[in-house]
Each structure stands twice: as structure tokens, then as C-alpha cells.
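The values are calculated or read from the model by the stated rules, or taken from the named source; none is laboratory data. The structure displayed is predicted, hence computed values, not measured ones. No Cβ is skipped: glycine too gets one built from the backbone with ideal geometry, and neighbour counts run over all protein chains shown.
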Amino acid sequence: MGNWEKDLSPIARERLAKIGQLTEEEKERMIDSEKVNSLLSEFYQGQINPESLWKRLKQEGKPSLLREAQVRLLDSLSFRIPPVELQTKREGILAIETLKEEQNTSVIELNLNRLEELQKRYKAEIEQAYDGIRAEVERNPRLRVKQVQQGQNTVLIQLTVDEAIKQLPQWQDFLSNQEKRYSQEFAVVIEKSKRDLK
């Protein structure tokens, strides 16, 4: 094996053996992919921050790594990602963009802002709906009672307002529909963001 092959992970070496002889370009791409994997692994684990990620990619001096790192960061975003994690990854994506000769920073930033707005809008709509249902449950004591079968007897259990809301089918349907709708919108923005990377 050549020197570059010893730096590959065991999985990459195994793939390499199965594939046979790779072209120099394919070998280079595999090495670059491993570098991005390693770097992003440190980033995801909090071992390096967006600034350190920027510095390390700058030291590599390879424009091909930049887009790949950004795409991988975008792929790691999901609708349910905590806002703090979204912010960190956003900073990483934007930091990488500044290393490019041809930058598209304002468009990338708009897309990332849209992701944050979607999360905030989802949360606001859920809270507003919850408050509306809460008022209805507080006004109607029958909604706070649940029948439970114990042996051959049926027992009525008094629920708290929050417990009653969580058991209402209309609340569960609303949550499910909102989650689906916003997750789809989030995915559309992620795909647009990938297309906007140069």
C-alpha cells in the first residue's frame, strides 16, 4: 500500500481493495472525503468550533473540500435539531463560505435564516393552538375525565388539563400535520441551500 492509503479508515481500505485500481482523481476524492469526515466528526462532537473548522479548512487549501463540508453540514440538519445546534452548524457553513473565491454568502445566509424562521413559526403555531385548546379543556370538565377499565369495572380518572390535551385526537392530529408540513418545508430549504452552494 502507498503512504496515502495508510491514512484511510479500515472501511475505506476495504472498499479500495474491492474496487481494484482507482484513478488518481478517485484516490484524491477518497482522501478528501476522509479528511472532511474526520474534521466534521470533531466539529459535531464539539471538539472544534466554527472558527477552528474555518482555520483547518483554510490550512488544507483545497477548494474541493469546502463545498463537500458545507453539503455534509446541511445534510446533518433536521427540522427537530435544537436551535443551539442549528446556530453552530449555521456558523460553520457561513465560515466555510468565506473561504471560497466565488462566494454566495448572502443567499446562503438567507436560506439559513429561513430554517430558523421555520422552527420559530412552528413553535409559535403550536403554542397558540395549545393555548386555544387549553382554554376549551378548562371550560369543559368532561374533557378532563377518562374512563379506564379495571378488571370488570370502569373507573373514571380525573386528568390534569395538560394530560387531557395530550390525549385529545384533534391535538394529536394537529401536531402530526404541523410536524409533517414544517419538516417538508425545512427539507425544501435544505435542498435549495445545496443548489445555491458554488
Filtered residues of the range 156-165 (kept if surrounded by 13 or more Cβ atoms within 10 Å (Cβ to Cβ) and at pLDDT below 90): L159
Residue list for the range 166-191, restricted to those being at pLDDT 95 or above and among the basic types (K, R): K180, R181
Hits in the range 70-90 - residues which are among the β-branched types (V, I, T) and either assigned to a helix (DSSP H, G or I) or surrounded by 19 or more Cβ atoms within 10 Å (Cβ to Cβ) (or both): V71, V84, T88
Meets criteria (assigned to a helix (DSSP H, G or I) and either polar (S, T, N, Q) or under 28 Å from E42 (Cα atoms) (or both)) for K120: no
Hey, E136 of a type in the set (D, E) and over 25 Å from the mean Cα position of the chain (by Cα) or not: yes
Count of residues meeting criterion [free of Cβ contacts under 8 Å to residues at least 12 places away in the same chain and either surrounded by 13 or more Cβ atoms within 10 Å (Cβ to Cβ) or more than 16 Å from the chain's Cα centre (by Cα) (or both)] in the range 91-120: 3
